[in-house]
Amino acid sequence: MATAESAVEHMPIWARPQPAGRKPRFTREQIAESALRIADTEGFEAVTMKRIAAEVGAGTMTLYYYVRNKADIVALMQDAILADLLVPDTELHVGWRAATIAIARRTREALLAHPWSPSVFTSAAFGPNALRHMEQNLATLADTHLTAQAKLEFIAAVDAYVLGASLHAVESLSRANQAKSNPDATAAIVEYSRKLLRSGEFPHLNALTEHPDDPESAAPAMTDDTLADQFERGLAALLDGLATALKLD
């Protein structure tokens, strides 16, 4: 049987009150902001209790007055990012399609702003903003005829698309940046790939590169605008399909 002490130990950070008894120097929001700043500029691996303490100007042991461990830090970071996914209430009452698009766009923007985040939050405890985000998703479908199960499947399909498209954008932009910073390595990879394509093992891929001077057959450059256009077209196609399958007006 769990003791009262062990029950408290397993509580998510939001279920425990902010530090009291003496005037706190920091808030959880400030700690989360510092951790996000470190992750965005130095990579998630740089987010340590020692590094965060230095960022906020405190001793490492002082930080433990506010959080128990790095898992608490990660949970606070995730909840801070999820706050950016929330849209104004006015955007939730414009029809299911427009409202879904508003949330999808906001979600993509948040993920691209923190490109490391999708791969590190898989085990983070859900916080209040996760519930608010889900509440907004359900609000977009409140006036439809969909059953509870159909609503959940609709939301899951859109979430999967947005996450996949965002990861694709992160990878594409990263490769584009690498090509600019290390053109020699990129040229070597391109030349190697061309040799493989000419081997005859990849006829469909080779067909895409047979006419490099044809603007209609050339692959578009992976820029922010190109990837945003791809996202919008894919999202529109997905919603068209869901509307047909679920008989949404």
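Can you pull out every residue in the range 136-145 that is part of a helix (DSSP H, G or I) and either touching a Leu at 6+ places or on another chain (Cβ under 6 Å) or farther than 23 Å from Ser119 by Cβ (or both)?
Within the range 136-145, Gln136, Leu138, Ala139, Thr140 meet the criteria.
With (1) surrounded by 15 or more Cβ atoms within 10 Å (Cβ to Cβ); (2) at pLDDT 80 or above; (3) not in a helix (DSSP H, G or I) as the list, and Ala125 as the residue in question, which single condition is left unmet?
(2)
Tell me, please, whether a residue that is exposed (fewer than 10 other Cβ atoms within 10 Å of the Cβ) and modelled with pLDDT under 70 can be found in the range 24-43.
no
Hey, can you tell me all the residues within the range 108-165 that are under 16 Å from Glu91 (Cα atoms), touching a residue at least 40 places away in the same chain (Cβ under 8 Å) and aliphatic (A, V, I, L, M)?
Result: Ala139, Leu141.
Being farther than 21 Å from Ala236 by Cα and without any contact (Cβ under 8 Å) to a residue 40 or more places away in the chain, is that true of even one residue in the range 169-176?
Checking the range 169-176: at least one residue is farther than 21 Å from Ala236 by Cα and without any contact (Cβ under 8 Å) to a residue 40 or more places away in the chain.
Among the residues of the range 111-150, which ones are among the hydrophobic types (A, V, I, L, M, F, W, C) and either over 15 Å from Leu82 (Cα atoms) or in contact with a strand residue (DSSP E or B) (Cβ under 6 Å, 6 or more places away or on another chain) (or both)?
Correct list: Leu138, Ala139, Leu141, Ala142, Leu146, Ala148, Ala150.
Residues that are touching a Pro at 6+ places or on another chain (Cβ under 8 Å) and not hydroxyl-bearing (Ser, Thr, Tyr): does the range 91-98 have at least one?
no
Quick check on this structure: which one of Leu86, Leu82, Leu76 is at negative phi, in the same structural domain as Pro115 (by TED's automatic domain parsing), touching a residue at least 60 places away in the same chain (Cβ under 8 Å) and not aromatic (Phe, Trp, Tyr)?
Leu76
Output yes when any residue across the range 47-58 is closer than 29 Å to Phe231 by Cα, at pLDDT 85 or above and of a type in the set (Gly, Ala, Ser), and no when none is.
no
Please give the helices (runs of 4 or more DSSP H) falling wholly within the range 38-117 in which 1 or more residues are under 30 Å from His145 (Cβ atoms).
Qualifying helices (runs of 4 or more DSSP H): 70-85, 96-113.
Looking at Leu92, Leu82, which one is crowded, with 19+ Cβ neighbours inside 10 Å and farther than 21 Å from Leu246 by Cα?
Leu82
The values are calculated or read from the model by the stated rules, or taken from the named source; none is laboratory data. All figures in this text were calculated on a predicted structure; none of them were measured in a lab. With ideal geometry, Cβ positions are generated from the backbone for all residues, glycine too; neighbour counts draw on all protein chains shown.
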